[in-house]
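Enquirer: Please find one structure pasted underneath; my questions will follow.
What follows is calculated from the coordinates using simple rules that are stated; it is not laboratory data. Since the structure is predicted, the reported quantities are computational estimates derived from the model, not experimental observations. Cβ coordinates were reconstructed from backbone atoms using ideal geometry, including for glycine residues, and neighbour counts include every protein chain displayed.
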Amino acid sequence: MKTTYTNIKQLAGIQENKTVKKLSGKEMSVLNTIEDAYLHTENGYITGFGKMAELSKSLIQQEIDCSGKIVLPAWCDSHTHLVFAGTRETEFVDRISGLTYEEIAARGGGIINSAKRLQSSTEEELYQAAWARLEEIKSHGTGAVEIKSGYGLSLDAELKILRVIKRLKVDSDLTIKATFLGAHAVPPEFKGNKEGYLDMLIHEVLPIIHQEGLADYIDIFCETNYFSVADAERIMEAGTNFGLQSKIHVNQFTSIGGIQAGIKHNALSLDHLEVMTDQDIADLHHSETMPTALPSCSFFLKIPFAPVRKMIDEGLAIALATDYNPGSTPSGKIPFVISLACIYQRLTPEEAINAVTLNSAYAMGISDTHGSITVGKKANLIITKEISSYNYIPYAFGGNHIESVVLG
Ligand code: NIG
Ligand code: FE
């Protein structure tokens, strides 16, 4: 089926050159846009675009009039934990009363609290809850999403999450990548025996994941009081042995060398980055790893925002993602992430939009097929309501300015 979107006020996020897989430094400030444009799609793929004045009307089979509307590539959310059970608003209130995120975790809240609830949920309950979250994020423009395990913390429960993600991949029209994050926290059963827990993940869980094709990437929470750099190296090495590239949590609260370990092990992305030394930033220049910031986590936990302005000014690429999870970011809305990046991290709308499209596609290994308006890529499109320009999206924060999302 051929469809032509006509009279598009702004067709934004164009990459003529299919070989461009990510944008770095100054390149991020350019969001290629055609005003008064058309876009052809066929069988779910982009087949052409240009100025309305140059559209040959005889080529139109099915027409969708986009007068007054903006068309963009659908967002790619390269970091979420959206398969979870229950919510943690009690901890939210505790934090308002003065407890820190670390203090709440130390007394058995946090990740361990979510794991307990997930362990007692059925696969079907998890699937239904995650399905509703996918529908919700789609309505806010997300067309591709990475989902991590990590609230299971046992062989059975981690596999349960990954099997849910596998079903979602088949049933949903969103493009989904799965990441194994067994090393999210040491569960109470392994208290004082972190090595034993890592042994179990590596020698018992990973082989099953490999056999059933349950994960695309591997992750670990490399952080003071969670997992050390040596632990991260072990997990990344084990991942490599099973063909899983790493995407790891680093530098959320402390800078302990996770960046350097990630680069050494050729991580696809290094995520969080709230606390960065000059050396951490300098080292990222010598890698193909995508630094990924999660501004809605900074907002919710009131922790520093990653220094992405400085990083882009120094020539690095940056991706942005939501981190959707019940503890640090109970929200999966990319438009809010774009607003936060513009307001608190001083990214221009162009930089922020590139960071949640092409660069976040790179951070989930799909920039060949997603993340830009490019002939041959998937027709994963956002069609906005009638708005003045793409700048209105971060400006009028909190509203949903998207009319429809087309996925293939
Ligand atoms: O990415 N930082 C580690 N993990 C999650 C949050 C975990 C939780 O509090 O449930 C994150 O922010
Ligand atoms: Fe996370």
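Enquirer: Provide the FRET efficiency to the nearest 0.05 for the GLU102-GLU63 pair, computing r from the beta carbons and using R0 = 51 Å.
Expert: Calculated value: 0.35.
Enquirer: Sort LEU301, LEU294, LEU198 by Cβ crowding within 10 Å, fewest neighbours at the top.
Expert: Listing LEU301, LEU294, LEU198 from fewest to most nearby Cβ atoms yields LEU301, LEU198, LEU294.
Enquirer: Sort GLU212, GLU274, GLU54, GLU146 so that the residue with the fewest other Cβ atoms within 10 Å of its own Cβ comes first and the one with the most comes last.
Expert: In order of increasing Cβ crowding within 10 Å: GLU54, GLU212, GLU274, GLU146.
Enquirer: Between 0 and 90 degrees, rounded to the nearest ten: what's the tilt of helix 334-344 against the longest Cα principal axis of the chain?
Expert: The angle comes out at about 80 degrees.
Enquirer: Got a sec? Charge dipole of the chain, +1 on Cβ for Lys and Arg, -1 for Asp and Glu; which of ALA53, VAL186, HIS286 is way out at the positive end?
Expert: Value: ALA53.
Enquirer: Go ahead and collect, in residue order, the members of the range 219-247 whose backbone nitrogen is under 18 Å from a label point 7 Å along the Cα-Cβ direction of LYS191.
Expert: Within reach of a label on LYS191: 225-227.
Enquirer: Tell me the relative contact order for the range 234-283 as a rounded percent, counting alpha carbon contacts under 8 Å between residues six or more apart.
Expert: Normalised by residue count, the contact order of the range 234-283 is 38 percent.
Enquirer: Same structure again: How do ASP368, ASP231, ASP323 rank when sorted from fewest to most other Cβ atoms within 10 Å of their own Cβ?
Expert: Listing ASP368, ASP231, ASP323 from fewest to most nearby Cβ atoms yields ASP368, ASP231, ASP323.
Enquirer: Can you list the aspartates and glutamates whose alpha carbon sits under 14 Å from that of LYS166, skipping same-chain ones fewer than 8 residues off?
Expert: Straight-distance partners of LYS166: GLU123, GLU124, GLU146, GLU158, GLU212, ASP216.
Enquirer: Can you tell me how much longer the chain between ASN400 and HIS285 gets when fully stretched, taken as 0.36 nm per residue apart minus their C-alpha distance, in nm with one decimal?
Expert: Value of the extension gain: 37.8 nm.
Enquirer: Next up: Straight-line reach from LYS191: which lysines fall under 22 Å, measuring Cα to Cα and dropping same-chain residues less than 8 apart?
Expert: Partners within reach: LYS116.
Enquirer: Related question: Taking R0 as 35 Å, what FRET efficiency do you get between ASP368 and TYR392 from their Cβ-Cβ distance, rounded to the nearest 0.05?
Expert: So the FRET efficiency works out to roughly 0.70.
Enquirer: If contacts are Cα pairs under 8 angstrom and at least 6 residues apart, what is the relative contact order of the range 75-363 in percent?
Expert: 18
Enquirer: For VAL375 and GLU204, FRET efficiency with R0 = 60 Å and r from the beta-carbon atoms, rounded to 0.05?
Expert: That gives a FRET efficiency of 0.85.
Enquirer: Still on this structure, please answer the following. Reachable lysines from LYS22, Cα under 24 Å, same-chain residues fewer than 8 places away excluded?
Expert: LYS138, LYS148, LYS177, LYS247, LYS264, LYS310, LYS333, LYS377, LYS378
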